[in-house]
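Asks: There's a structure below that I have some questions on.
The values are calculated or read from the model by the stated rules, or taken from the named source; none is laboratory data. Only a predicted model underlies this, so the values are computations on that prediction, with no experimental measurement involved. When we count neighbours, we look across all protein chains shown, and the Cβ atoms used for this are built from the backbone with ideal geometry, even at glycine. Please note that ligands, DNA and RNA were not included when accessible areas were found on the heavy atoms of the full protein model with its side chains. Shrake-Rupley method; radii C 1.70, N 1.55, O 1.52, S 1.80 Å.
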Amino acid sequence: VDVEIGDLLNVRAGSGRLLIHLAPKAKTAAGVDRSQAMRMLARSRVQQAGLAKCTLRNVECNTLPFRSHSFDTVLLNEALSRAVDRRQALAEASRVVRPDGRVLILDWVQPVALQNKTISSSSEQGEAPLAENHLRALLAEQGLTIRQRSWLPGKSPNYALFVAMPHSALQTGAA
């Protein structure tokens, strides 16, 4: 299924693996990451892929230097599990996404069904994953609603992709 990506922002772009796959389908693409080593690797991959419309910047997810409503798609790539302030990271994503856009969250999220079980669940960094109902509440605070969620096989039973959209997009039928 081809999905219109439009203008893309990849928050915590890391080595650029996702960015180089999504950028060719995007109108424009920007990746942000605080790690100089990761940005250098991502730049190399972007250049090797010949993606001239793709940029990379040294930016923290809690202070995005973009105008409000600049992007159709904002991808938070394990950004919430590593954010100092998850609420602020989501506030920034919500601010820069267009009213008819979407926020993709690819991260360690513990499903509601497992939240009361005492299982050993953690992200690669050893932190407890974000609880699914807490994520829903944080998104709602920012005017975003989860439209789709998928638990991804392979990495962990807690690794998931959530697609959230501004309430305004749902009311106008953009979903």
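Asks: Name the pairs: first residue in segment 1-28 and over 21 Å from Glu78 (Cα atoms), second residue assigned to a loop (DSSP other than H, G, I, E, B) and charged (D, E, K, R), Cβ to Cβ under 6 Å, at least 6 apart or on different chains?
Replies: These pairs meet every condition: Gly6/Lys27; Thr28/Lys53.
Asks: For segment 134-174, give me the residue count where each residue is farther than 16 Å from Asn77 by Cα, modelled with pLDDT under 70 and surrounded by fewer than 14 Cβ atoms within 10 Å (Cβ to Cβ).
Replies: 3
Asks: Right, here's the next one. Which residue pairs have Cβ atoms under 7 Å apart, sit 6 or more places apart or on different chains, and have a first residue in segment 96-111 that is small (Gly, Ala, Ser) and a second that is modelled with pLDDT of 95 or more and surrounded by fewer than 22 Cβ atoms within 10 Å (Cβ to Cβ)?
Replies: Qualifying pairs under 7 Å: Gly101/Asp72.
Asks: Now a separate question. Could you check how many residues of segment 30-44 are assigned to a loop (DSSP other than H, G, I, E, B) and not acidic (Asp, Glu)?
Replies: Going through segment 30-44 one residue at a time, the tally reaches 2.
Asks: For segment 11-29, indicate whether the set of residues that are over 21 Å from Leu80 (Cα atoms) and in a strand (DSSP E or B) is non-empty.
Replies: Within segment 11-29 (the criterion being over 21 Å from Leu80 (Cα atoms) and in a strand (DSSP E or B)), the answer is yes, since at least one residue qualifies.
Residue-wise test of (1) open to solvent by 30 Å² or more (accessible area, probe 1.4 Å); (2) in contact with a strand residue (DSSP E or B) (Cβ under 9 Å, 6 or more places away or on another chain); (3) in contact (Cβ under 8 Å) with a residue 24 or more places away in the chain.
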| position | (1), (2), (3) |
| --- | --- |
| Val46 | no, yes, yes |
| Leu51 | no, yes, yes |
| Thr55 | yes, yes, yes |
| Asn62 | no, no, yes |
| Arg67 | yes, no, yes |
| Phe71 | no, yes, yes |
| Val74 | no, yes, yes |
| Glu78 | no, yes, yes |
| Arg87 | yes, no, yes |
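Asks: Also: Of everything in segment 55-83, what is over 23 Å from Ala169 (Cα atoms) and over 15 Å from the mean Cα position of the chain (by Cα)? Give them in sequence order.
Replies: Thr55, Leu56, Arg57, Asn58, Pro65
Asks: Oh, and also: Quick check on my filter: what residues within segment 119-133 are open to solvent by 60 Å² or more (accessible area, probe 1.4 Å), closer than 16 Å to Val84 by Cα and at pLDDT 60 or above?
Replies: Ala128
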